[in-house]
Amino acid sequence: MTAATSPTSDRPDVLVVGGGIGGLSTAFALTRAGLSVRVLERAKEFGEVGAGIQLAPNCTRILDDYGLLDEAKGLGVLPENIVMRDALDARELTRLDLADLERRYGYPYMVIHRSDLHALFLRACRRAGVDLLTDQKVVGYENTGAGARVTLADGRTQEAPLVVAADGLHSTARATLVGDDVVSSRYVAYRAAVPIEEVRDNGIAEKDVVVYIGPRCHFVQYPLRGGEMLNQVAVFESPTADSGIERWGGPDELDAAFAVTCDPVRKGIPLMWRDRWWQMLDRDPIDTWVHGRVALLGDAAHPPLQYMAQGAIMAIEDGWVLAQHLSRQQVGASPNWSAALAAYQAVRVEHCHRVQTTARAWGRLWHLDDLPRRQRNTIMRARDTYDYGFTDWVYGPTALTPDEEPAMFTPVPLSSAALEDDGAGLAGEGAR
């Protein structure tokens, strides 16, 4: 067992299971709300795997509230545009002017290395006095009379008035409390972050987020770390996804998937990491995230496909909202745990449902072929650059506002046709 900080008490107010971006940001938010928090991370040290991540204004708004936005800006890049192009002929389809986007929402659109964002929250937690423990594999959850208990792989137990399960897509808590399965999209993602000097002759846009969408594939590029690196994400439908092979989507499929794409995309494919890849999985939306004193959060509650670049952001939003309600629901020296958890669920579930279902629809839209592809391209080219009708609901503050429930967050039935037209966030990550 490794303790990154000294325990604040034998029994904290909150146990957070999972030390990823969602878990650490939540631990920081709850500590700011005056609670003692312990994080249980299963790995032997804190860290993140991956490359770039996009932070829309609904996330940079929270970073600003936490006093972390300037630090994040120093680590990331504020791109000028998000540009969507056809992957076959490279023609521009539509764009977002990110300076205008910032004027509209009051906060910037940022891209940052995933490990830099994780390290930012880890430093913030250490400064705030969060009790950070590693090598803590949680294998069981149960409610008690005074809260909840987790069981570790070595048989030890820990208890707190509240347990937050931020243990990701393959959540042990979700397996225990919900019991559903992951859903395969049949798509796989490859990533790379390379020095930008190595790709300057490849036709890249050094100050933009660029997304090439094509039949059964797409390709994303944007700068990282002050423009010194280029992040690339290559996503394609794997012909072996339904074969029963556990590691479907291997590197032997990568080149063939992009063989007929435009020159800038084909030049980027040889640079992709080939020793790792990410199968694009999600889960069906669920209505219940709170089970007694155990609350699901982030990908444990609502793992999306990555086309809207909202997965980590939704986890950060979850922690902010939960902390807001716990700080508001005070009864004497302790929060009214049940009331705060009920409010957390009331505020967040419908919004996250919408992100999950819209992400699925957006993925279908990106990967059209033949006549549907041409029809999509015509519609996208007709879009006004300054039309924000499809981003207001996700980039605006309404999913965070704790004062408006339940009226603002009353579930609104959405037809599948409406969802097809409802895509938001032009430049989804393609992979976590």
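For this structure, a couple of remarks:
- Residues located in the stretch 288-309, provided they are of a type in the set (G, A, S) and part of a loop (DSSP other than H, G, I, E, B): G292, A301, A309
- Residue within the stretch 390-404 that is more than 23 Å from the chain's Cα centre (by Cα), modelled with pLDDT of 95 or more and either assigned to a helix (DSSP H, G or I) or among the polar types (S, T, N, Q) (or both) present: no
- Residue that is farthest from S171 (Cα to Cα) [pool: residues in the stretch 244-270 that are among the hydrophobic types (A, V, I, L, M, F, W, C) and surrounded by fewer than 17 Cβ atoms within 10 Å (Cβ to Cβ)]: V260
- Unique match (being within 19 Å of L400 (Cβ to Cβ), buried (at least 21 other Cβ atoms within 10 Å of the Cβ) and either in contact with a helix residue (DSSP H, G or I) (Cβ under 6 Å, 6 or more places away or on another chain) or hydrophobic (A, V, I, L, M, F, W, C) (or both)) among L40, L24, L69: L24
- Selection count where residues are within 13 Å of Q356 (Cα to Cα) and of a type in the set (S, T, Y), scope the stretch 282-327: 1
- Test: G168 is within 18 Å of K44 (Cα to Cα) and in contact with a helix residue (DSSP H, G or I) (Cβ under 9 Å, 6 or more places away or on another chain): yes
- Considering (1) on the phi > 0 side of the Ramachandran plot; (2) touching a Pro at 6+ places or on another chain (Cβ under 7 Å), the lone condition that A160 does not fulfil carries the number (1).
- Taking the criterion of being under 24 Å from V209 (Cα atoms), part of a loop (DSSP other than H, G, I, E, B), of a type in the set (A, V, I, L, M) and touching a residue at least 40 places away in the same chain (Cβ under 8 Å), the residues of the stretch 256-287 that qualify are V260, M272.
- The set of residues in the stretch 159-209 that are among the small types (G, A, S), surrounded by fewer than 20 Cβ atoms within 10 Å (Cβ to Cβ) and touching a Ser or Thr at 6+ places or on another chain (Cβ under 8 Å) is empty.
- Annotation: of all residues in the stretch 72-110 being of a type in the set (V, I, T) and buried (at least 22 other Cβ atoms within 10 Å of the Cβ), the one that is farthest from A205 (Cα to Cα) is V77.
Residue-by-condition table, conditions (1) modelled with pLDDT of 75 or more; (2) crowded, with 17+ Cβ neighbours inside 10 Å; (3) part of a helix (DSSP H, G or I):
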residue	(1), (2), (3)
V349	yes, yes, yes
R354	yes, yes, yes
T357	yes, yes, yes
R383	yes, no, no
M408	no, no, yes
V412	no, no, no
A417	no, no, yes
E429	no, yes, no
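- For the stretch 110-142, the set of residues classified as under 15 Å from V16 (Cα atoms) and part of a strand (DSSP E or B) consists of D131, L132, L133, T134, V138, V139, G140, Y141, E142, listed by residue number.
- From the list R126, R156, the one residue that fits, being surrounded by fewer than 22 Cβ atoms within 10 Å (Cβ to Cβ), free of Cβ contacts under 8 Å to residues at least 12 places away in the same chain and within 27 Å of K44 (Cα to Cα), is R156.
- Residue in the stretch 325-337 that is out of contact with any Ser or Thr (no Cβ under 7 Å at 6 or more places or on another chain), assigned to a helix (DSSP H, G or I), at pLDDT 95 or above and more than 21 Å from D65 (Cβ to Cβ) present: yes
- Residue in the stretch 90-109 that is closer than 23 Å to H302 by Cα, modelled with pLDDT of 95 or more and not acidic (D, E) present: yes
- Positions within the stretch 206-255 being assigned to a loop (DSSP other than H, G, I, E, B) and touching a helix residue (DSSP H, G or I) at 6+ places or on another chain (Cβ under 9 Å), in sequence order: E206, K207, P215, R216, E228, S238, P239, T240
- Applying the criterion of at least 3 residues that are closer than 21 Å to K137 by Cα and either at pLDDT below 95 or touching a Lys or Arg at 6+ places or on another chain (Cβ under 8 Å) (or both) to the strands (runs of 3 or more DSSP E) found wholly in the stretch 5-79 leaves 14-17.
- Residue in the stretch 276-320 that is surrounded by the fewest Cβ atoms within 10 Å (Cβ to Cβ), counting only those that are at positive phi and out of contact with any helix residue (DSSP H, G or I) (no Cβ under 7 Å at 6 or more places or on another chain): G292
- Among the residues of this structure, R123 counts as one that is in contact with a helix residue (DSSP H, G or I) (Cβ under 9 Å, 6 or more places away or on another chain) and at pLDDT 95 or above.
- In the stretch 110-160, the residues that are of a type in the set (S, T, N, Q) and within 30 Å of V209 (Cα to Cα): S115
The values are calculated or read from the model by the stated rules, or taken from the named source; none is laboratory data. Computed from a predicted structure; not experimentally measured. Methodologically, a virtual Cβ is constructed for each residue, glycine included, from the backbone with ideal geometry; neighbour enumeration extends over all protein chains shown.
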